[in-house]
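Undergrad: Questions regarding the structure given below will be posed in turn.
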Amino acid sequence: MGIVLGIESSCDETAAALVRADRTILVQRIASQDDEHRPYGGVVPEIAARAHVERVMPLVEATLADAGLGLADVDAIAATAGPGLIGGVMVGLVSAKALAMASGKPLIAVNHLEGHALSPRLADASLEFPYLLLLVSGGHCQLIVVEGVGRYRRLATTIDDALGEAFDKTAKILGLGYPGGPAVERMAATGDPAKVRLPRPLLGSAEPHFSFAGLKSAVLRAKDAGIHANADIAAAFQQAAIDCVIDRTSRAIAAAGRVNALVVAGGVAANTAMRTALDALAGASGLRFVAPPLALCTDNAAMIAWAGQERLALPGFSADPLYIAARPRWPLDPDAAPVRGAGVKA
Ligand code: KG4
Ligand code: ZN
């Protein structure tokens with residue numbers, strides 16, 4: 001049974017994993033850089049790139065050792081080739097190229113977003129194409145019809161901030177530190193969302209796009225007013241974010257055509273309140289709801305190895321050339337029309 005070694009380094013986690021074609025995750029290891037970035041309240045690209053350099057090869061060696069395997073036992077080497085912080089992406093990709101060259105194994109350059117998009121199929125063998133994917137992470141906020149491996153139809157994106165970014169900025173405003181999403185979720189559980197009124201940008205608008213910049217500014221104003229408890233602000237923020245996500249996703253369900261399931265992936269998919277609300281929406285829409293386990297939602301290398309397995313299984317698979325470049329931007333659906341107001345994020 002084929003084994004793929006996956007390497008992930010697009011943001012602040014260095015990760016390696018070995019995944020078998022039958023979906024068994026033989027080993028997965030993640031080296032977090034939280035301690036390095038915490039003093040700055042967010043990811044510093046230069047620090048991230050240096051940390052990836054120090055960690056990636058020892059991590060790959062430890063991953064292989066854990067499985068009792070050598071490179072010779074691996075069928076392909078898959079690495080994130082973008083989008084992401086370019087220094088980190090280059091470190092992971094160059095390492096994968098070196099391993100591929102030394103071992104003679106095929107290199108598979110994986111789109112990080114494709115890793116997230118296919119991760120639910122690693123967790124759930126019965127999930128068939130097409131499905132509607134809500135991809136919510138620190139850098140992306142999109143609704144995509146996943147029609148097959150490499151076949152993506154984007155229905156919506158954010159016109160300003162990604163949802164994870166809004167969680168992280170809210171955490172910063174409330175002094176909760178980095179990384180922000182889990183801290184906001186914990187604090188929100190102790191607050192009353194009804195005590196702070198916050199806007200729901202784009203609620204009810206015809207196309208299912210997202211906007212979170214106005215919500216973030218409203219959180220800042222609520223904090224500056226000095227009259228609200230932090231827990232109430234966190235709860236109100238999370239509720240507003242969920243209301244937006246549910247409204248936008250229900251529009252997308254109407255626009256998607258026939259799909260087999262509503263699927264959520266990306267770091268924010270680790271948010272339990274969000275998963276519960278999406279589960280209810282799917283139920284009301286007559287759709288199955290699929291969410292990967294938390295460890296597969298935030299950045300990891302098992303999803304990169306799995307995307308490699310999916311590519312390897314395609315008829316006419318061919319390895320990527322060793323000269324393939326790392327890409328800071330790499331949309332899943334290059335044909336999607338640009339969205340008015342959307343600047344650097346796509
Ligand atoms: O997918 P991911 O690990 O990295 C990117 O590709 O961006 O997503 C990270 C994002 C961060 O913004 C983080 O705050 C958010 O996911 N996140 C959460 C939770 N866990 C992680 N947001 C809300 N609730 C959570 N429990
Ligand atoms: Zn990610």
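The values are calculated or read from the model by the stated rules, or taken from the named source; none is laboratory data. The structure displayed is predicted, hence computed values, not measured ones. Ideal geometry is used to build each Cβ from the backbone, glycine not excepted, and the neighbour counts take in all protein chains shown. With ligands, DNA and RNA removed, areas are computed over all heavy atoms of the protein, side chains included. Shrake-Rupley method; radii C 1.70, N 1.55, O 1.52, S 1.80 Å.
Undergrad: What number, in percent, do you get for the relative contact order of the chain if the mean sequence gap of Cα pairs under 8 Å and at least 6 apart is divided by its residue count?
TA: On the way: 780 pairs, mean separation 82.3, N = 346.
Result for the chain is 24 percent.
Undergrad: Further question: On a 0 to 90 degree scale, rounded to 10, what angle separates helix 163-173 from the longest Cα axis of the chain?
TA: The answer is roughly 60 degrees.
Undergrad: Using the Cα gyration tensor of the range 45-93, with a ≥ b ≥ c the square roots of its eigenvalues, what is the shape: rounded (a/c below 1.5), prolate (a/b larger than b/c) or oblate (neither)? Please list the in-between numbers first.
TA: Numbers: a/c = 4.05, a/b = 1.77, b/c = 2.29.
Verdict is oblate for the range 45-93.
Undergrad: Taking only Cα atoms, what is the 0 to 90° angle, nearest 10, from helix 45-67's long axis to the longest principal axis of the chain?
TA: 50 degrees
Undergrad: Can you pull out the trypsin sites (Lys or Arg not before Pro) in the range 242-285 that DSSP calls coil and that have at most 13 other Cβ atoms within 10 Å?
TA: Details: sites: ARG248, ARG251, ARG258, ARG275; in loops: ARG258.
Taking the range 242-285 and a limit of 13 other Cβ atoms within 10 Å, the loop trypsin sites (Lys or Arg not before Pro) found are ARG258.
Undergrad: Place a +1 charge on the Cβ of each Lys and Arg in the range 128-291 and a -1 charge on the Cβ of each Asp and Glu, then give the dipole magnitude about the Cα centre in debye, rounded to the nearest 20.
TA: On the way: 17 positive and 14 negative charges, 22 e Å.
In total the dipole reaches around 100 debye.
Undergrad: For the range 58-112, give the percent of accessible area contributed by carbon and sulfur heavy atoms, probe 1.4 Å, rounded to a whole number.
TA: Details: 1190 of 1860 Å².
Carbon and sulfur together cover 64 percent of it.
Undergrad: Right, next: Longest span of the chain, sites excluded, free of chymotrypsin sites (Phe, Trp or Tyr not before Pro) in DSSP loop with at most 15 other C-beta atoms within 10 Å?
TA: Longest gap between qualifying sites, sites excluded: 1-316.
Undergrad: What three numbers, in Å, describe the spread of the alpha carbons of the chain along their principal axes, ordered from the longest?
TA: 62, 47, 33
Undergrad: Keeping all protein chains in place, calculate the accessible area per residue for the range 128-291 (probe 1.4 angstrom), answer in Å².
TA: Working: 6220 Å² over 164 residues.
With the other protein chains kept in place, the range 128-291 gives 38 Å² per residue.
Undergrad: Restricting to lysine pairs 8 or more places apart or on different chains, what number in the chain have Cα atoms under 30 Å apart?
TA: Within the chain, the lysine pair count is 14.
Undergrad: Could you give the angle, 0 to 90 degrees to the nearest 10, between helix 302-312's Cα long axis and the longest principal axis of the Cα atoms of the chain?
TA: The angle comes out near 60 degrees.
Undergrad: Could you tell me what percent of the accessible area of the range 128-291 is made up of carbon and sulfur, with a 1.4 Å probe and every protein chain present? Don't jump to the answer; show the numbers that get you there.
TA: Details: 3260 of 6220 Å².
The C+S portion of the solvent-accessible surface of the range 128-291 is 52 percent.
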